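The values are calculated or read from the model by the stated rules, or taken from the named source; none is laboratory data. All of these numbers come straight from a predicted model, not from anything done at the bench. FYI the Cβ positions are ideal-geometry reconstructions off the backbone, even for glycines, and counts take in every protein chain you see.
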Amino acid sequence: MKNTSVSKKELFELYHKMLLIRRFEEKAGQLYGMGHIGGFCHLYIGQEAVVVGIDSIKENGDQNITSYRDHGHMLACGMDPKMVMAELTGRFTGYSKGKGGSMHMFSKSEGFYGGHGIVGAQVPIGAGIAFANKYKKNKRVCFTYFGEGAANQGQVYEAFNMASLWKLPVVFVIENNQYAMGTSMVRASSTEEMFARGLAFNIPGKAVNGMNVLDVAKEAARAADHCRAGKGPFILEMKTYRYRGHSMSDPAKYRTREEVQKVREEKDPIDTLRSILIEEHKVSEKEFKETDAEIKGIVTEASDFALNSPEPDIKELWTDVYAG
Ligand SMILES: Cc1ncc(C[n+]2csc(CCOP(=O)(O)OP(=O)(O)O)c2C)c(N)n1
Ligand SMILES: [Mg+2]
């Protein structure tokens, strides 16, 4: 989907994916509250347009890698919601046999390289994947996502330097949701212009309205073209917002309810696309209801599959420990 003139069918696919992520995350939040999910769990609600827009312009074989806020990235690239939910609930049928949980899932076949709990750690790994792409001359691009908080980590700049020096095909996607745990960006960053963070390394960057899936797709396509043309990395700062707490345990004292409510009412990425579908393509209430029902079915099926799956056997403690 590279054109600005996007068909109704393509728009509906974007809508479907964003809504799937939202409903999946809501269900994950519920299952967490009921004690079916343990440990860390970071929901992606509010940020759906970023990963769905980028995924829509990806070419076969392109990779993506991200932080612990990763469920949306997995669903967007085509991983099976049943296996993702099974992993969240610690079941043997999950992507990591129930031993990885929310932050540690991978799918080589879908080009998803995790799921990383150490803030910023995925950035040099993403540059490394891009290095392999260049070495193999395969024209693939690695989309490397990280938060605006992670953008203050030292290893990010080591990766920027090498990526630019060797003209690696990597799009660095900074998901600027304005908060790093309980710290707002303005309190933690010397500059608010995240897209300009690569200037010292000669990496061009652009700020994008990350709440509008079409803007995201358009700019992501340009950035990917830049990489595929052999011009090296590109930075996209996606201006977005997370509605839920940082993780499931978040006192939420660092911002007001009104602030969150205002974004939900005025900028919600799903509502924005819904309005476009109604205004430009005359999509009816019936069509939206059918989509809602279809997605509800997928999410219910995923949670039933997960909860009816066995936990890993105790002997699994000794498998998958070393790669060799
Ligand atoms: C090296 C390291 N330091 C600190 C933490 C604790 N920590 C987890 S998430 C986080 C905030 C990161 O915020 P941001 O990069 O903006 O991503 P977001 O959670 O907003 O998606 C911190 C400090 C960690 N996991 N790893
Ligand atoms: Mg953040």
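Restricting attention to the stretch 153-181, the residues being away from ligand 1 (no atom under 12 Å from the Cβ), assigned to a loop (DSSP other than H, G, I, E, B) and either hydroxyl-bearing (Ser, Thr, Tyr) or surrounded by 18 or more Cβ atoms within 10 Å (Cβ to Cβ) (or both) number 2.
If you check Ile203, Ile129, which single one turns out to be more than 16 Å from ligand 2 (Cβ to nearest atom), in a loop (DSSP other than H, G, I, E, B) and touching a strand residue (DSSP E or B) at 6+ places or on another chain (Cβ under 6 Å)? Spell out the reasoning first.
Values: Ile129 fails: in a loop (DSSP other than H, G, I, E, B).
Being more than 16 Å from ligand 2 (Cβ to nearest atom), in a loop (DSSP other than H, G, I, E, B) and touching a strand residue (DSSP E or B) at 6+ places or on another chain (Cβ under 6 Å) holds for just one of Ile203, Ile129, which is Ile203.
Flag: Tyr32 matches the condition of being hydroxyl-bearing (Ser, Thr, Tyr) and either more than 19 Å from Leu277 (Cα to Cα) or touching an Asp or Glu at 6+ places or on another chain (Cβ under 7 Å) (or both). Taken over the stretch 233-251, the criterion of being surrounded by 22 or more Cβ atoms within 10 Å (Cβ to Cβ) and either at pLDDT below 95 or away from ligand 1 (no atom under 16 Å from the Cβ) (or both) is satisfied by Pro233, Phe234.
Number of residues in the stretch 207-257 that are of a type in the set (Val, Ile, Thr) and either closer than 21 Å to Leu165 by Cα or more than 16 Å from ligand 2 (Cβ to nearest atom) (or both) equals 4. Which condition does Pro310 not pass, out of (1) of a type outside the set (Val, Ile, Thr); (2) in a helix (DSSP H, G or I); (3) loosely packed, with under 11 Cβ neighbours inside 10 Å; (4) modelled with pLDDT of 95 or more, if it passes all the others? Against the list (1) of a type outside the set (Val, Ile, Thr); (2) in a helix (DSSP H, G or I); (3) loosely packed, with under 11 Cβ neighbours inside 10 Å; (4) modelled with pLDDT of 95 or more, Pro310 comes up short only on (2). In the set Gly53, Gly114, Gly100, only one residue is away from ligand 2 (no atom under 16 Å from the Cβ), without any contact (Cβ under 8 Å) to a residue 24 or more places away in the chain and either touching a helix residue (DSSP H, G or I) at 6+ places or on another chain (Cβ under 7 Å) or part of a strand (DSSP E or B) (or both); that residue is Gly100.
For Ser184, state whether it is surrounded by fewer than 21 Cβ atoms within 10 Å (Cβ to Cβ) and farther than 30 Å from Pro312 by Cβ. Considered against the rule, which asks whether it is surrounded by fewer than 21 Cβ atoms within 10 Å (Cβ to Cβ) and farther than 30 Å from Pro312 by Cβ, Ser184 comes out as yes.
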